[in-house]
Amino acid sequence: MKNTDDINKFLVFCIESYKSALGLSGIDTLADFKDYGVFDYLSDGYEVLHTQGKEYIVADIKDFIKCRKQNETISR
């Protein structure tokens with residue numbers, strides 16, 4: 001069973017890592033995570049993702065958002 005505290009700590013780690021790697025503000029990072037469903041993605045994939053390194057996680061989030069943006073554009 002997933003521990004909510006561990007998942008929340010992981011989400012904060014992901015926010016900070018992504019924000020720092022891309023030079024974004026906290027507000028912009030949170031907006032991207034909310035708009036593109038990153039929180040759900042990271043929570044659902046916690047068991048695997050939390051074992052990965054920072055660079056992998058940041059790259060994975062970037063790819064996830066990129067795919068979501070492309071799907072958004074296609075469906076318009």
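Please verify whether residue 27 is farther than 21 Å from residue 71 by Cβ, surrounded by 11 or more Cβ atoms within 10 Å (Cβ to Cβ) and β-branched (Val, Ile, Thr), treating the condition exactly as stated. Considered against the rule, which asks whether it is farther than 21 Å from residue 71 by Cβ, surrounded by 11 or more Cβ atoms within 10 Å (Cβ to Cβ) and β-branched (Val, Ile, Thr), residue 27 comes out as no.
Residue 55 falls short on exactly one of the conditions (1) modelled with pLDDT of 95 or more; (2) part of a helix (DSSP H, G or I); (3) surrounded by 11 or more Cβ atoms within 10 Å (Cβ to Cβ), and that condition is (3).
Of all residues in segment 53-76, those that are within 18 Å of residue 23 (Cβ to Cβ) have Cβ atoms under 9 Å from Cβ atoms of residues that are β-branched (Val, Ile, Thr), 6 or more apart or on another chain, in 61/38; 65/38. Determine if segment 30-40 includes at least one residue that is acidic (Asp, Glu), touching a residue at least 12 places away in the same chain (Cβ under 8 Å) and loosely packed, with under 12 Cβ neighbours inside 10 Å. There is no residue in segment 30-40 that is acidic (Asp, Glu), touching a residue at least 12 places away in the same chain (Cβ under 8 Å) and loosely packed, with under 12 Cβ neighbours inside 10 Å.
Evaluating residue 10 against the criteria (1) surrounded by 13 or more Cβ atoms within 10 Å (Cβ to Cβ); (2) without any contact (Cβ under 8 Å) to a residue 24 or more places away in the chain leaves one unmet condition, (2). Residue count for segment 30-52 satisfying the condition of being in a helix (DSSP H, G or I) and either more than 14 Å from residue 15 (Cβ to Cβ) or not hydrophobic (A, V, I, L, M, F, W, C) (or both): 10.
The values are calculated or read from the model by the stated rules, or taken from the named source; none is laboratory data. Bear in mind the structure is a predicted one, so any value in this text is a computation, not a measurement. Here the Cβ is made from the backbone with ideal geometry for all residues, glycine too, and neighbour counts use every protein chain on show.
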